[in-house]
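For reference, the structure discussed in these notes is given below.
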Amino acid sequence: MSQKNMGRLAQDMKRELIAIIGRLKDPRLEGGLLTVTRLDVTPDLDVAKVYVSVMGRPDGPKPAIEALNRAAGHVRTEVSKKMHIRKAPRFIFVEDDGAAYAAHINELLRELNVNGGEEPSETEE
């Protein structure tokens with residue numbers, strides 16, 4: 001399959017994944033913000049690594065990732081039905097901490113701005 005077709009397939013699959021995950025009824029997935037950030041599919045369509053960002057949960061992202069991995073078989077079946085493909089890839093859900101890292105950097109920059117809001121004085125010779 002060409003690179004262009006793989007990209008289109010991954011994009012369509014990501015869209016279906018978002019819809020299917022939104023319909024899952026697991027208490028570990030409720031509350032907070034769960035976002036599918038990226039989908040990497042192997043060229044043989046055997047495995048798809050799904051990067052998920054989970055924010056705003058007091059218990060952290062780990063329970064949500066575990067719930068998604070437990071539902072991976074159901075998600076695979078649903079993707080296969082919705083996209084009319086004979087064999088959907090095996091989904092592996094992993095945490096994408098890029099958004100959390102960006103939020104942390106923004107917080108550090110905000111603290112620097114608050115604490116060091118004054119301009120340093122220049123000494124003239």
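The values are calculated or read from the model by the stated rules, or taken from the named source; none is laboratory data. Note that this is a predicted model, so its numbers are computed, not measured. As a convention, Cβ positions derive from the backbone with ideal geometry for all residues, glycine included, and neighbour counts pool all protein chains shown.
Quick check on Thr37: is it closer than 28 Å to Ala102 by Cβ, among the polar types (S, T, N, Q) and either surrounded by 13 or more Cβ atoms within 10 Å (Cβ to Cβ) or modelled with pLDDT of 90 or more (or both)?
Working: closer than 28 Å to Ala102 by Cβ: yes; among the polar types (S, T, N, Q): yes; either surrounded by 13 or more Cβ atoms within 10 Å (Cβ to Cβ) or modelled with pLDDT of 90 or more (or both): yes.
Here the answer is yes, as Thr37 does meet what is asked.
Cβ-Cβ contacts under 9 Å between residues 6 or more apart (or on different chains), taken from a first residue in the range 6-34 that is on the phi > 0 side of the Ramachandran plot to a second residue that is modelled with pLDDT of 90 or more, are listed as Gly32/Ala64. Does Leu9 meet the test of being of a type outside the set (D, E, K, R), modelled with pLDDT of 90 or more and either assigned to a helix (DSSP H, G or I) or surrounded by 14 or more Cβ atoms within 10 Å (Cβ to Cβ) (or both)? No; evaluated as a whole, the condition is false for this residue.
Rundown of residues vs (1) at pLDDT 95 or above; (2) closer than 29 Å to Ser2 by Cβ; (3) not small (Gly, Ala, Ser), yes/no style:
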{"site": "Gly56", "(1), (2), (3)": "no, no, no"}
{"site": "Asp59", "(1), (2), (3)": "no, no, yes"}
{"site": "Arg90", "(1), (2), (3)": "yes, yes, yes"}
{"site": "Val94", "(1), (2), (3)": "yes, yes, yes"}
{"site": "Gly98", "(1), (2), (3)": "no, yes, no"}
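Could you please give the count of residues in the range 50-68 that are loosely packed, with under 15 Cβ neighbours inside 10 Å and in a strand (DSSP E or B)? Summing the residues that are loosely packed, with under 15 Cβ neighbours inside 10 Å and in a strand (DSSP E or B) in the range 50-68 gives 1.
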